[in-house]
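The values are calculated or read from the model by the stated rules, or taken from the named source; none is laboratory data. Remember, predicted model here, so these are calculated numbers, not experimental data. Quick reminder, even Gly has a Cβ in these numbers, built from the backbone with ideal geometry, and neighbours come from all protein chains shown. The protein model used for the area step is the full one, side chains on, heavy atoms only, and it has no ligands, DNA or RNA in it. Shrake-Rupley method; radii C 1.70, N 1.55, O 1.52, S 1.80 Å.
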Amino acid sequence: MERTLNISFIYGIDAVLALLLACGYCAIVRKKEIWLIWLYFSVFVANIGYFALSISKTVEEALLANRLAYLGCVFLPLFMLMTIMKVCKVHCAKVWRGILIGLSCIVFLIAASQGYLPLYYKEVSIVFVNGMAKLQKVYGLLHSLYYLYLFAYFAIMIGVIIYA
């Protein structure tokens, strides 16, 4: 039980720190970069999701918490890319931003289908390891799409840095 409290406590501390960093950035920095603000809050949302998952008691709670974590995680690469592009002074046309945002929304909707459709997870159940909730998953057909999505963003980020 002690280990569970420690992990849940760490997730909670991570979430609080992410929120404090986001609020601190908004309060202290005069010339704010919008993508960096979104990045900070995305990290906060992901950490809240992981915390909620760790203390879940039912499959439904765990799935909802997992969706919340994915909400933060799916948009992190987009916000990181846009921040990197801004720092590197590489312009991104509005149409491409719209396409990337739409793609991120689609990937989130696929990831959020867990428990409803067998696209992302075919089966899911909850198990408790040292008193902490963990989802036991059988991956669906589209689960590998998330890894491709992350790899593509990573490759684009590296490409932007090399280009700059």
Pairs with Cβ under 9 Å, 6+ apart, first in the stretch 115-139 and without any contact (Cβ under 8 Å) to a residue 12 or more places away in the chain, second surrounded by 15 or more Cβ atoms within 10 Å (Cβ to Cβ) and of a type in the set (D, E, K, R): VAL127/LYS134; PHE128/LYS134
Matching entry among SER42, SER144, SER104, SER125 (being surrounded by fewer than 14 Cβ atoms within 10 Å (Cβ to Cβ) and either under 12 Å from the mean Cα position of the chain (by Cα) or part of a helix (DSSP H, G or I) (or both)): SER144
Index of the failed condition, SER56 passing every other in (1) within 24 Å of LEU109 (Cα to Cα); (2) assigned to a helix (DSSP H, G or I); (3) of a type outside the set (Asp, Glu): (2)
Lone qualifier among ASN66, ASN6 - being under 27 Å from LEU109 (Cβ atoms), assigned to a helix (DSSP H, G or I) and of a type in the set (S, T, N, Q): ASN66
Candidates GLY72, GLY115, GLY98, filtered to the one that is open to solvent by less than 20 Å² (accessible area, probe 1.4 Å) and either touching an Asp or Glu at 6+ places or on another chain (Cβ under 8 Å) or in a helix (DSSP H, G or I) (or both): GLY72
Count of residues meeting criterion [in contact (Cβ under 8 Å) with a residue 12 or more places away in the chain and closer than 30 Å to SER54 by Cα] in the stretch 18-39: 10
Out of TYR153, TYR50, TYR149, sole residue that is surrounded by 14 or more Cβ atoms within 10 Å (Cβ to Cβ), closer than 30 Å to GLU33 by Cα and at pLDDT below 95: TYR50
Failed condition for LYS57, given (1) surrounded by fewer than 18 Cβ atoms within 10 Å (Cβ to Cβ); (2) farther than 30 Å from VAL129 by Cα: (2)
Verdict on LYS137 being open to solvent by 40 Å² or more (accessible area, probe 1.4 Å) and either touching a Pro at 6+ places or on another chain (Cβ under 9 Å) or more than 14 Å from ALA62 (Cβ to Cβ) (or both): no
Filter result (over 16 Å from PHE75 (Cβ atoms) and open to solvent by 100 Å² or more (accessible area, probe 1.4 Å)) within the stretch 22-38: ILE28, ARG30, LYS31
